[in-house]
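Quick note: the coordinates plus some simple rules give every number you see, no bench work behind them. Note that the coordinates shown come from a computational prediction; the quantities given were computed from them, not determined experimentally. Because the Cβ atoms are built from the backbone with ideal geometry, glycine has one as well, and the counts that use them run over all protein chains shown.
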Amino acid sequence: MEAAAQSVLLRDIFGNPFRSVPFSPAWRTSTAVALAAQMYESRDFGAMPILADALQDAGCDSADILEHCRDASAPHVRGCWVVDLVLGKE
């Protein structure tokens, strides 16, 4: 059971290691960056669905990114690959 929980957290941090997800810098709008920064600093990721909306409004059409943000069953932690992409962290 613990291994499964750790696996879920690793997927939140690294995404799918077998498929890279392109990210356009144009999706880094002030709204998306502000939401991502607030979640990163507070460690409260309840706004992930709102981040998905902001990214979609900015032109993001990546199913991987949008589904990750909107997955209500997925835990999110500091280091979440989508939040890091929005913040420009490598």
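Computed over the stretch 23-90, the alpha-carbon pair-distance distribution with 5 angstrom bins reads 3, 20, 36, 27, 12, 1, each value a whole percent. Label-to-label distance for residue 33 and residue 89 is 1.6 nm, based on points extended 7 Å past Cα in the beta-carbon direction.
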